[in-house]
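Okay, so here's the structure we're looking at.
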Amino acid sequence: MAMDKTFDAAEAEARLYDAWDKAGSFAAGANAQPGAETFSIMIPPPNVTGSLHMGHAFNNTLQDILVRWHRMQGHDTLWQPGQDHAGIATQMVVERKLAQEGNQGRREMGREAFLEKVWDWKQESGGTIINQLKRLGASCDWSRNAFTMSGAPQAPEGEDGNFHDAVIRVFVDLYDKGYIYRGKRLVNWDPHFETAISDLEVENVETPGHMWHFKYPLAGGATYTYVEKDEDGNVLFEEERDYISIATTRPETMLGDGAVAVHPSDERYAPIVGQLCEIPVGPKEHRRLIPIITDEYPDPDFGSGAVKITGAHDFNDYAVAKRGDIPCYRLMDTAARMRDDGASYAEAAETAMAVAKGERTLTEAEADAVNLVPDDLRGLDRFEARKAVVEQITGEGLAVMVPPTDPRLGTKPPAAPEEGGEPRDEQLVPLVETKPIMQPFGDRSKVVIEPMLTDQWFVDTTQIVGPALDAVRDGTVEILPERDKKVYFHWLENIEPWCISRQLWWGHQIPVWYAPNPAGGSEWHHVCAASEAEALKKLRAMWGDDAEFRVTADETEALELFRAYLDNWTDEGAIRQAQGVKAIPVFRDPDVLDTWFSSGLWPIGTLGWPEETDALKRYFPTSVLITGFDIIFFWVARMMMMQYAVVGERPFDTVYVHALVRDEKGKKMSKSLGNVLDPLDLIDEYGADAVRFTLAAMAAMGRDLKLSKDRIAGYRNFGTKLWNACRFAEMNGVFEGHQGPSEAPKATATANAWIIGETARVREEVDAAIGAFRFNDAANTLYAFVWGIVCDWYVEFSKPLLAGDHEAVVAETKATTAWVLDRCLLMLHPFMPFITEELWGTLGSRDKMLVHGDWPQESAADLVDADAQREMTWVIALIEGVRSARAQMRVPASLKVKLLVSGLDENGRRAWQANEALITRLARIDTLEETDGFPKGTVTIPVGAATFGMPLDGVVDVAAEMGRLEKQLAKLQKEIGGLDKRLSNPKFVDSAPEDVIEETRGNLSARREEEHTLETALARLREIG
RNA sequence: GGGUGAUUAGCUCAGUGGUAGAGCGCUUCGUUCACAUCGAAGAUGUCAGAGGUUCAAAUCCUCUAUCACCCA
């Protein structure tokens, strides 16, 4: 049956994928030769609720190329797929869905019911991304599909697995080793989701904002002389002040100020350092005083040079507060509303005053209990509170005032009276600068992140970062491209503690239980254990064997229980077991772990750790990790730290970091810009092979790729080209009885010998390129070979050979064509799996599918025939020369011309004789005749030593021909000039390597020969002209 | 402010010291039986600018300009 003219991707892709899948072609170790080396890749787990975007398509195409390449080489190959549970994103999706469906909210339905809903959603939507990856052709071992929440306590049937156990075990292990601790620290707080998030989940965006300037009056009406000097010490400005001027973008946080800081070198404020000043907001009668301190942090050249220190709501201030032992007063609740809890403002302010005066100190917990929000602002949203604070301060006259013409106001000053404007009102206005400020936004919630002092769990990364750094430094782990090493080092060398607790429900609940401390104290005592039973065992060890515990749902319930029994307790400096049998309240930490904590265990967790599985032994450490640059910190660095901390081994040998897929204008694809190209739409339109090939061809290391549909269409056409070359072969019976793969045929025809050598050379290039992760080089080499060499030349050469009467030549040409096309299919398969598999199955009868085809091994050294190569180069030059001359002289394409030649040397003569049929066919030549001199009106074509001529019997336009030749000559002479200059430079001859000099000499003499031919031809034309 | 990178044909980009390249687009011609998702031929460059190193620089170094990204 005749083949169609094009490949029907829409019809074939699902069918082919299904065939691979059914045959178990992607299973770990499929097609492995006995004793083969292993090759393993862990997929960067996509979010379970996610769908395939262009970045995934790119990332997974590259992985699939490597995996298919290794599998075809007979290596023991594993591509491990899976998804992560994406705590915050998934919880967000499910909450939104519940709201849309008019269900109860998360809090109303409670934790357990909510988690059930999340699992429902996971089971409903979790397969989406898998099916999308399959459409891309990803050859993952789906039977091993992993999930970072598998085996969790609430997991429904079919979601069993080791991951939960692994995560919990690692937490306990790291805790026991002292790498995990609980602490009250300033963290990024997302007020929408009401959880801590990582600094990596914060996007800093420049946003229009304001900078307010306020006066903090000195305590007790003190004054000082404020002096400003220029660089040379000349006094510019001097006045008596009873305040210090502070600039802030966040006036609402003034309520929690613990100090005002100036740089130690700042002479302007030296007289008042150590004094107290007043926060200019809050009820007058309880206005708080705070000290003026020195710290390196304030920049004397920025603003007034004085900075207010609000340790509980700013990261820089927090550092200053820690250094200067300044109390941190939290002002907001978990939704970033101004606090409405605790004692009255009057009481709180009094406490704070005592601290400022050094009369008392506060523990962290005590400081946290102090609510310094004035009663009238309590419960307000932080942005409303800001407005109110500004109004109050300005109303009281404590804003810094400037004339309305002050350029810092950013408004166009009104025209001066002398310029015809209204008479100037001399009234001053508050100094409020309008300027862009960097604001942190949650990357999921898109709300402004609030730095917040809260109790969280941290990994003490400084303790585990060492091996992760060493491994890359000493080359144990390779990161490509090179410069991403710098990014990696920079981040790890300045590593911050990793906040791993999240105030979410969807995730691995932290395996820590709290109970009263038998030794007394106001804080809960905690134990870390892999299970509740073990936790209770540990508690029992402290409380005694007869202790009875009651596990409560949460801290509130535990407190109630505790209080109810307090009366029965005796406190003799320590809390003691109550008289009679009373249960001791125990509750589990409600928080869950950062998703990246579990993703950090991906390499070992997916292989069954903590079990010593066969897969773990075979495939760990993994071979390659392919990932985007945007998660070097999130994931790569953490996997490195965690694998070393947990199993003391590198997670992978090589990390290949790829760049971003952008739209064709170079813009980052984003939903809000509407420039997103959906890979599935593209696959529908052009086929998966075209999309994959495009991505591979554009994957120059470390460069962003700008994707345009034209490019994809181009590679779709490439597939069609390949298809039709095969169709041609099929029509000519090339594949009749063909079984391939086979040894390279023994070729007698030069064209056959030549293409066999070219194929071997390309195979080496492709292998070298893929081996070095130069996917674009591999793709482009194949493109140029298949289209530019096989289709453009070899297929054309083969036509006269196949049509000839010489049976042996016909048979040899068929065998060669089949062999070459087989190799095209084999080498293209990792890039274009579908069309190549379809062709493979259509042509010849095969004993196995192409997915398990034997990757070619031929070497150029064995198969390149230098004589054949030289001869075919000569033939191609002749054909191109004739075609070019014909086109420029406007010889009709259909006209067969007579060709003359002079100066044909032995090689040329042999080349002509051996290839006459194909030359005359491709150049449309009637006959060749040797001659000593060309007649008038002959167009000249130099090829090697020979000069060919096309007699056009006077039709030739002498001027046009002269123009054509002169242009060629000019180009040639430019080259000759350059070569000659180099060779006549004695320094070049002395210092350049021998082979370079040889090559240059060879080039020069060849050019000179050609120059001579052209000059002769021109001279002849001049005679006519 | 700190860091990283980019600047090569109309567009998108390869090109790690030795004759400047590809794809797309453009121009002209062509439906001869693999392919019009095609074929043939052609035009197009101060390799951002200025210095330097070298026999030799798009390539290495320095500075400048512009742009992008990451981190504050």
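Summary of computed values
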item: Criterion (more than 12 Å from RNA strand B (Cβ to nearest atom), touching a residue at least 40 places away in the same chain (Cβ under 8 Å) and more than 28 Å from residue A:658 (Cα to Cα)) met by exactly one of A:821, A:828, A:839; result: A:839
item: Subset of region A:882-903 (residues that are closer than 18 Å to residue A:1009 by Cα and either polar (S, T, N, Q) or at pLDDT below 90 (or both)); result: A:902, A:903
item: Single residue of A:760, A:772, A:751 found to be within 16 Å of RNA strand B (Cβ to nearest atom) and touching a residue at least 60 places away in the same chain (Cβ under 8 Å); result: A:751
item: Filter result (in contact with an Asp or Glu (Cβ under 9 Å, 6 or more places away or on another chain) and without any contact (Cβ under 8 Å) to a residue 60 or more places away in the chain) within region A:880-894; result: A:890
item: Residue check, residue A:559 aliphatic (A, V, I, L, M), under 48 Å from the mean Cα position of the chain (by Cα) and either at pLDDT below 80 or surrounded by 15 or more Cβ atoms within 10 Å (Cβ to Cβ) (or both); result: no
item: Members of region A:175-199 that are small (Gly, Ala, Ser) and part of a strand (DSSP E or B); result: A:183, A:196
item: Residue count for region A:1-57, restricted to those that are closer than 30 Å to residue A:444 by Cβ and not in a helix (DSSP H, G or I); result: 13
item: Filtered residues of region A:104-129 (kept if assigned to a helix (DSSP H, G or I) and in contact with a helix residue (DSSP H, G or I) (Cβ under 7 Å, 6 or more places away or on another chain)); result: A:106, A:114, A:117, A:118, A:121
item: Of all residues making up region A:780-793, the number that are near RNA strand B (Cβ under 9 Å from one of its atoms) and touching a helix residue (DSSP H, G or I) at 6+ places or on another chain (Cβ under 9 Å); result: 7
item: Criterion (over 27 Å from residue A:753 (Cβ atoms) and part of a helix (DSSP H, G or I)) met by exactly one of A:921, A:890, A:886; result: A:886
item: Yes/no for residue A:174 being within 15 Å of RNA strand B (Cβ to nearest atom) and either outside the structural domain of residue A:236 (by the TED database) or closer than 18 Å to residue A:462 by Cβ (or both); result: no
item: Selection status of residue A:803, within 13 Å of RNA strand B (Cβ to nearest atom) and surrounded by fewer than 20 Cβ atoms within 10 Å (Cβ to Cβ); result: yes
item: Any pair with Cβ under 9 angstrom, 6 or more apart, that starts in region A:178-194 at a residue that is at negative phi and ends at one that is assigned to a strand (DSSP E or B) and of a type in the set (Lys, Arg); result: A:191/A:337; A:193/A:502
item: The listed residue being at pLDDT 90 or above and not in a strand (DSSP E or B), out of A:735, A:728; result: A:728
item: Residue within region A:27-37 that is under 33 Å from the mean Cα position of the chain (by Cα), among the acidic types (Asp, Glu) and within 16 Å of RNA strand B (Cβ to nearest atom) present; result: no
item: Selected residue (criterion: nearest to RNA strand B (Cβ to nearest atom)) from residues of region A:699-722 that are at pLDDT 90 or above and buried (at least 21 other Cβ atoms within 10 Å of the Cβ); result: A:716
item: Options A:39, A:26: the member that is touching a strand residue (DSSP E or B) at 6+ places or on another chain (Cβ under 8 Å), under 16 Å from residue A:135 (Cα atoms) and modelled with pLDDT of 90 or more; result: A:26
item: Which listed residue is of a type outside the set (Val, Ile, Thr), within 15 Å of RNA strand B (Cβ to nearest atom) and surrounded by fewer than 23 Cβ atoms within 10 Å (Cβ to Cβ), from A:847, A:777; result: A:777
item: Pairs where the first residue, in region A:531-548, is closer than 17 Å to residue A:168 by Cα and the second is part of a helix (DSSP H, G or I), C-beta under 9 Å, 6+ apart; result: A:531/A:168; A:534/A:172
item: Check on residue A:12, under 24 Å from residue A:727 (Cα atoms) and surrounded by fewer than 16 Cβ atoms within 10 Å (Cβ to Cβ); result: no
item: Within region A:521-548, considering residues that are assigned to a strand (DSSP E or B) and modelled with pLDDT of 85 or more, the one surrounded by the fewest Cβ atoms within 10 Å (Cβ to Cβ); result: A:525
item: Residue list for region A:425-437, filter: of a type outside the set (Val, Ile, Thr) and more than 12 Å from RNA strand B (Cβ to nearest atom); result: A:425, A:426, A:427, A:428, A:430, A:431, A:433, A:435
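To keep it simple, each residue is scored yes or no on (1) within 16 Å of RNA strand B (Cβ to nearest atom); (2) under 21 Å from residue A:204 (Cβ atoms).
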position: A:439; (1), (2): yes, yes
position: A:445; (1), (2): no, yes
position: A:482; (1), (2): yes, no
position: A:501; (1), (2): no, no
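Yes or no, residue by residue, for (1) surrounded by 19 or more Cβ atoms within 10 Å (Cβ to Cβ); (2) part of a helix (DSSP H, G or I); (3) under 52 Å from the mean Cα position of the chain (by Cα):
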residue	(1), (2), (3)
A:950	yes, no, no
A:963	no, yes, no
A:966	no, yes, no
A:988	no, yes, yes
A:995	no, yes, yes
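The values are calculated or read from the model by the stated rules, or taken from the named source; none is laboratory data. In this text, all values refer to a predicted model and were calculated from it rather than measured experimentally. No Cβ is skipped: glycine too gets one built from the backbone with ideal geometry, and neighbour counts run over all protein chains shown.
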